[in-house]
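Shown next, in structure tokens, is the structure this report addresses.
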Amino acid sequence: MSLPDERRLDLVPAFWFRVRLVRSAVPSPTLTPSPDLTGSPRGSGPPRPTAATAGPDQLGDGGFAECSGLDLDVELRELAEGGRNDGVVRRVGRVKAGTITLRRGMLVPTAGGGADGALWDWIGGMIAGTLPVPRYDGHVEVHDAAGRRVLAHWSFVRGLPAKVAGPALNAKTGEIALEELQIAHEGLRLETTAATSGTATGAAPGAAGAGRGNAP
């Protein structure tokens, strides 16, 4: 006996996905500016770069081959009750978000020029003292094979670069050079309302990489 179409279930593929990183519009929960700890009067010395001019509205221009870290970890507290030896009482603690890890092949313009340095520029701005540090919201969308339907959509907010790593170079293998970006963020969720075609409901505009996981 076959089920009606509305009750059938399909598995979500893990290879047709796209990742979009767009400038965060979520305000910081801490609105009070940090004090000047350099000992110099405010306004003295060379001006620091600002986030308004230090980073693009969209980060990255190629698809990512791998995406991991879409997880939340709950810290449970255990309370041992006196006289109860067959179990413990569990209480809810903090929820910790995992670090998003993205890997992709390094990209160079076909017409000539050097490798795309957008991911490195983000963490480079922190080294240069860019204030405030540009933050990016992320959208990870899994599509069907035709690319017309969003099957799953994760979003995270106020991401900061935790690590950027260049490729492991080896002249013996002939492999594509891969770079890695790790993003620490302030919230992750699986969007439960998705459009039947196009982009999931509530997703921010702008693309930072699409494809079939774009395996290099």
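The values are calculated or read from the model by the stated rules, or taken from the named source; none is laboratory data. Treat the numbers as computed from the prediction; the structure is a model and nothing was measured. Note: ideal-geometry Cβ built from the backbone for every residue, glycine included; neighbour counts use all protein chains shown.
Of note:
- Cross-chain or 6+ apart pairs with Cβ under 6 Å, the range 173-189 first and on the phi > 0 side of the Ramachandran plot, then in a strand (DSSP E or B): Gly187/Val157
- Test: residue in the range 133-144 that is part of a helix (DSSP H, G or I), farther than 26 Å from Phe15 by Cα and out of contact with any strand residue (DSSP E or B) (no Cβ under 6 Å at 6 or more places or on another chain): no
- If only residues of the range 61-106 that are part of a loop (DSSP other than H, G, I, E, B) and among the acidic types (Asp, Glu) are counted, the one that is modelled with the lowest pLDDT is Asp61.
- Count of the range 68-88 residues which are within 35 Å of the chain's Cα centre (by Cα) and farther than 30 Å from Val142 by Cα: 3
- Residue that is farthest from the chain's Cα centre (by Cα) [pool: residues in the range 109-127 that are exposed (fewer than 12 other Cβ atoms within 10 Å of the Cβ) and aliphatic (A, V, I, L, M)]: Ala111
- Residue match in the range 129-141 (condition: without any contact (Cβ under 8 Å) to a residue 40 or more places away in the chain and either crowded, with 18+ Cβ neighbours inside 10 Å or on the phi < 0 side of the Ramachandran plot (or both)): no
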